[in-house]
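Report on one structure; see the data block that follows.
What follows draws every value from the coordinates through simple rules; no lab data is involved. If you're wondering where the values come from, they're calculated on a predicted model, not measured in any experiment. Every residue, glycine among them, receives a Cβ derived from its backbone with ideal geometry; neighbour counts consider all protein chains shown.
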Amino acid sequence: MSLTAEPGRLGAAAPAARAGAVEKTEAPPIELATQEGRNKLIGMWLFIAAESVLFASFFAVYLALRHSTMGGPTGKELFDLKLVFLATALLLSSSFTSVMAVLNMRRLQAGAMKAWLLATWLLGASFLALEAYEFNHYVHMGHTFTSSAFGTAFYSLVGFHGAHVTFGLLWLFALLVRNLRREVTPYIAPKVYAFSLYWHFVDLVWVFIFSVVYLMGKVA
Amino acid sequence: MTTISVPVGGVRKKSLLWDYLTTVDHKKIAHLYFWTGLVYFLIGGLEALLIRTQLAVPLNHVLDGKAYNEVLAMHGTTMIFFVAMPLLFALMNAVVPLQIGARDLAFPFVNALSYWLYFFGALLTHVSFLTGDVPQGGWTGYFPLAHPDYTGYGMSYYAMGLQLSGLGTLLTGINFVATIVNHRAPGMTYMRMPLFTWTTLIASILTMFAFPPLTAGLFLMIYDQLFGGAAFDPAKGGNPIIWQHLFWIFGHPEVYIVALPAFGIFSEVIPVFSRKRLFGYPAMVVATALIAFFGFMVWVHHMFTVGLGPLANGVFGVATTIIAVPTGIKIFNWIFTMWGGKVRMTSAMLWSVGFIITFVMGGVTGVMMALPPADYQYHDTYFIVAHFHYVLIGGTVFSVFAGAYYWWPKMFGKLLNETLGKIHFWLFFIGFHLTFFIQHFLGLWGMQRRIFTYLPGQGFELPNLVSTIGAYTMALGVIVFAINIVYTFVKGKPAPADPWDGRTLEWATPTPVPEYNFARLPLIRGLDPFWLEKQAGNKTVPPAEPYADIHMPNPSILPFMMSLSLFIAGLGFIFKDQYHPSFLYLALFGVAATLLVMFLRSVIDDEGRHVPRELVEQEDAKGVSA
Amino acid sequence: MVRQGRKKGAFYVPLFTLLALALAGCGDPRVSALVPQGSNARESLSLIQISAYIMFGVMGVVIFLLAVVLIRFRAKPGDRTIPKQVEGSNLLEFIWTAIPVLIITVLSILTVRLTFSMAQDHSDDPNALKIQVIAHQYWWEFRYPDLGIVTAQDLYIPVGKKISAELWSTDVIHSFWVPALTGKMDANPGALLDGKRQNANRFSFDAETVGVFLGKCAELCGPSHALMEFKVVVLPEDEFNRWVEAMKKPAPKPETTKAAAGEQTFQKNCMACHALEATDPANRPGPNLANIGNRLTIAGVLPAGDDAERAASLRRWIEAPNAVKPQNDVPGTVIMPPFKDKLSPEALDQLVDFLMLQKVDVAPPKAAAR
Ligand code: HEA
Ligand code: HEA
Ligand code: CUA
Ligand SMILES: [Cu+2]
């Protein structure tokens, strides 16, 4: 609700957006400087709320079906916590790098921002590579998408998260390509900020996956 | 409805088609939703007539079992997803920005995307008629019946089509929440928002939380149908009941997604035609929120006979009955808005009064069905069919008709003919009760729903015939409406800006509404702002700002292209199983094209354009004098 | 629970027969939920009626208020006066919150009590008759695990005895419904996990009158969902026991050469899917045909009022089952093939003759016409 302090004034805010000039002493951070920026971020929050419900549904389905292995390998037999732990560490540090990117963005340091974003991209990509390796390993152990309801539920949930990471990487790629030569402006800032919100969310979901799928799967 | 717009690069004349394909203007998107929804209403209505014709006499041969199930599934799916919601979205798009004093939605581009996703989702579902595998599993798509092993690939069209249009709906929900939170004119506090805006806000929040479970369910459904998934397949340890939970966790809030905006429309119409402010405004707001809140905790009332046990049945049954309380508050507030007023029985008002009677009848049967031991008898019979047509038609369809008669002058610049409007109402209203009242009894006498025929000698003959006659009477009503529309476009006179002595902000805008809605954003000084200013002797609502350049978004073909790409992807995924594996490439092409469009959208700068101040002033001077 | 139900019944019945008359008016007693002849249906109806009368009251209030408004508060033509702008009224709004709360509280208490009492499990009750109901596209299989017999389409039960049923499905979801005796219970397919059948349901019902009641499948299950009907034959207890004993006997042997030829045809063409003996242990894909000569309908829908009609229906069915019950030709559905072109007319005659022999000498009650 803090976003509503000043009710909508598309017309009034727009010229500032075009000029691209924002005084550094002003109270709202750069990503909230324009009406478009405020819209984008509330939109992102709402989208994340909806996505949470989506993931919650997949979690519920997974919990309902995780014992339906139909003779195939169980989670306990499959999961290798060491590997998953490494993946978790990678993803969590990418959250940290994206925070650094946003901090530098607010200081209008485009170069540093891009460097941190690049680091985020690389960490995300290594996470994805590990996940691909992991899935490949499972398939060789006979745990596939079609082998049992457990398989379908597992890959639906974890794979859906993986798809989110992939999409995030594509998005970040587009963001970097577009802004390779540009400064930080109130036009770009909300885009970077929205990405970092998304990225935190994807991380958070992973924390849940780590505990519900892997840890619980190991002890159950 | 010509509005002068000046693209940054200078004036360019656009064809009407191109204009509508690329528009991001909420008023034009409203038109798109409206006409598309109306066409699907005729299609869904035609399917209803087929259903009723087949059931007119026992052992009839108009449709066989398979064809009947196809028509039935398409009727339910079409009416809920491609008629009820889009028609409400049409009115929301047309009205809500005007009511809160905004120049457009928060995300005009996304708004266009939502429409095109709906358009192509509905189209994808209907492509099934060309391929021969039409959905046969009802609008609820229960597994395992929805698996190709039992009904072919029809239900894949259902799943894919709903996935597309559902994404559009979700985005619409987000868009309206962001708009209403961020784009209210100065002084438009939450407790000064008109109720239609309020119900739009709350229905949009419902959408945000109700559609994701459906999305998850549809993903799993598509996996099971087309990719060898097993979530719902008992042979591989899956559980078909999970689909029912996911569907109804969505499905029950869904019925309020189509009911709450309807309530909002009546809350606009009734005060205007009673010339009295809405009775108990705060209570109306709270009741709306309560209905939405409880709406999430009752889904099991669709599953009382699944065998979830007495505890679940009892708890969800009781929770369901609670919704009667806030709904009752609304009903009585409407009645007492009229009480002591000066009631003008225009067409819009006729639909509103008809709504109160009809909806209450549907609501009280809902409460009866919420009692599990009684529902063991009602469930999956014509009693249910009667209930939900009473609420869906008596609520949503009546509200769309009321809204059409009420807002037509603002949307299309002309007044619908009132005499034809009244004929339309009476034919439809009488036909409606003729069709559906008797169905309560049919259900109790033992007629289950979704049957393509029935045996003679069980007492079902006469009631079914009556019901069929009623359906044709409704069809006559719809034809009169169609005539009215044509007549109005051909012969109707231009409407004044404020034909009904309106109360809310949309009536303070000139007709036709300029592209940017408000030359200067208005200053809101209370509930029913226009009415207040008129009472204070002012001609219109005062401006809150000086004239300035107005920033407007650029039109774009990308929403259309992106939806088209997803449509192609969806078809490809189905065709790969239905026809030939190599259609997978078509699907991958569609996915790639989608990503490409998204990439384009994110790398091409689009900072919009500006309508220059001089032009705004010039148009404003014309508008006020009109 | 039977007794408890009766006691409650004794209190409600006189009151509600009166109300039922007002509510029902008509409805075929074999199939109407408004003419209950089993304790479940009676208890459901009691709640239906209480709630219906409350709802009539609610409707009455709303219609009355609307009528007043429409008569008293219409604007006269040309009247431009502005009525008093009322914001609301705390008292009124309290009233129309409190009264509905009261109503739903009362309804909820009644409901919760009844929900639990109707859900009592009789699977360990030594006095209850245990049955298994297995739904198939588009027919019903009834097993009596304690009696060692199986039948199809016609469910025979003794009057007044609790029937403890276990339900499941072998393909899609179906729903078991006998409006005059009991509300619905779904027959779900389910995975076998650790030897347990997921989603199998248990519930109990009974019949309070002797007669034949129509049962229906109430969940959309495919093109022939409408035709998935069955009958519940309620017999006096001793008659029921005679039926059981008769069903346990081996299938009648043909005495004429014509019927003997029919038996040959049957063994060649039909045995893979159909058993002739109610005690047959094999799980065959088609309905058990023991007592087919006494079926009240053939395949649930074809008329079988007397032997001639039954024989004609049998023949019609065997010649072209898909013309009677349309099916989707898909991997999930077991389809009985048409025999019109496979068997000569004489062979069909012989086959029908043979099938007509398959009957036990306990005739269903005379009220049995379709
Ligand atoms: C617009 C859509 C809409 C609306 C608003 C409602 C509103 C309600 N519905 Fe309905 N319903 C559907 C659409 C809708 N429904 C559909 C489509 C289905 C079938 C789906 C399918 O299977 O295909 C369905 C099915 C359905 C079932 C499942 C039945 C079954 O399949 O066995 C149940 C059971 O509880 C139910 C209950 C209710 C209740 C309690 C309300 C309440 O919200 C009603 C509240 C309103 C009132 C009660 C009237 C006004 C109140 C007063 C005047 C106050 C005084 C009243 C009292 C104290 C009683 N509905
Ligand atoms: C908003 C939703 C909505 C609306 C408006 C309607 C409208 C109608 N419905 Fe619908 N109905 C549903 C939602 C809706 N329905 C749902 C969800 C189901 C459940 C599906 C399922 O079980 O899965 C259902 C099921 C359903 C059944 C139950 C079938 C069964 O269980 O076997 C029946 C039967 O009478 C029926 C009848 C009607 C009729 C007569 C209308 C009438 O009101 C229609 C009036 C409109 C017209 C008559 C249009 C006029 C058309 C013309 C004049 C022709 C012009 C044509 C062209 C030029 C193309 N409907
Ligand atoms: Cu079996 Cu419907
Ligand atoms: Cu519901």
Next on the checklist: For the protein assembly as shown, compute the orientation-averaged projected area of the C-alpha convex hull (one quarter of its surface), in nm².
Outcome noted: 48.3 nm²
Checklist entry - In whole angstrom, how long is each semi-axis of the equivalent ellipsoid of segment C:184-294, when you take the square root of 5 times every eigenvalue of its Cα gyration tensor and sort them from largest down? => result 29, 22, 16
Item to check | Alpha carbon centroid spacing (whole Å) that separates segment B:316-341 from segment C:112-164 | outcome: 43 Å
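Volume per residue, Å³, of the convex hull around the alpha-carbon atoms of segment B:492-561?
Working: hull volume 9.8 nm³, N = 70.
Hull volume over Cα atoms, normalised by residue count, gives 141 Å³.
Can you compute the equivalent ellipsoid semi-axes for segment A:98-198, i.e. the square root of 5 times each eigenvalue of the Cα gyration tensor, sorted largest first and rounded to whole Å?
Numbers: eigenvalues 248, 30, 18 Å².
Semi-axis lengths for segment A:98-198 are 35, 12, 9 Å.
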Checklist outcome for this item: In whole µm²/s, the translational diffusion coefficient that Stokes-Einstein assigns to segment B:236-316, given a Kirkwood hydrodynamic radius over C-alpha pairs, 4 °C and 1.567 mPa s, equals 86 µm²/s
Item to check | In segment B:474-569, the trypsin sites (Lys or Arg not before Pro) that fall in loop regions by DSSP, at most 12 other Cβ within 10 Å | outcome: B:Lys539
Checklist outcome for this item: Across 10 Å bins beginning at 0, the whole-percent shares of Cα-Cα pair distances in segment C:257-369 come to 14, 46, 34, 6, 0
Checklist entry - What is the ratio of the Cα radius of gyration of segment C:89-152 to 2.2 N^0.38 Å, where N is its residue count, to two decimals? => result 2.13
Checklist entry - In whole Å, what are the Cα extents of chain C along the three principal axes, biggest one first? => result 96, 53, 46
Checklist entry - Size of segment A:30-219 along its principal axes in angstrom, Cα-based, largest extent first? => result 57, 28, 24
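Taking the Cβ-Cβ separation of B:Leu16 and B:Thr419 as r and a Förster radius of 25 Å, what is the calculated FRET efficiency to the nearest 0.05? Each step should come with its number before you reach the end.
Numbers: r = 31 Å, r/R0 = 1.24.
Result of the calculation: an efficiency of 0.20.
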Item to check | Distribution of pairwise C-alpha distances over segment B:485-625, 5 Å bins, in % | outcome: 2, 8, 12, 11, 10, 9, 9, 9, 9, 8, 6, 4, 2, 0, 0
Next on the checklist: Largest first, please: the extent of the C-alpha atoms of segment B:413-463 along each principal axis, to the nearest Å.
Outcome noted: 53, 17, 16
Next on the checklist: Whole angstrom only: what separates the Cα centroid of segment A:131-192 from the Cα centroid of segment B:178-249?
Outcome noted: 22 Å
Item to check | Debye-sum result for segment B:116-205 in log10 I(q)/I(0), which assumes one identical scatterer on each alpha carbon, at q = 0.10, 0.14 Å⁻¹ | outcome: -0.41, -0.62
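In whole Å, what three semi-axes, largest first, describe the equivalent ellipsoid of chain B built from its Cα gyration tensor (square root of 5 times each eigenvalue)? Write out the running numbers ahead of the final one.
Values: eigenvalues 308, 189, 100 Å².
That gives 39, 31, 22 Å for the three semi-axes.
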Item to check | Folded to 0 to 90 degrees: helix B:65-77 orientation relative to chain B principal axis, Cα | outcome: 30 degrees
Item to check | All-pairs alpha carbon distance profile, segment B:366-448, 5 Å steps from 0, percent | outcome: 3, 14, 19, 18, 13, 10, 8, 7, 5, 2, 0
Checklist entry - What spacing in nm lies between the two simple spin-label points modelled at C:Arg202 and A:Leu170, each 7 Å away from Cα in the Cβ direction? => result 5.2 nm
Checklist entry - Which Rg and Dmax, in Å, describe the Cα atoms of segment B:326-402? => result 14.4, 46
Checklist entry - What is the distance, in nm, between label points placed 7 Å from the Cα along the Cα-to-Cβ direction at B:Leu596 and at C:Val106? => result 6.9 nm
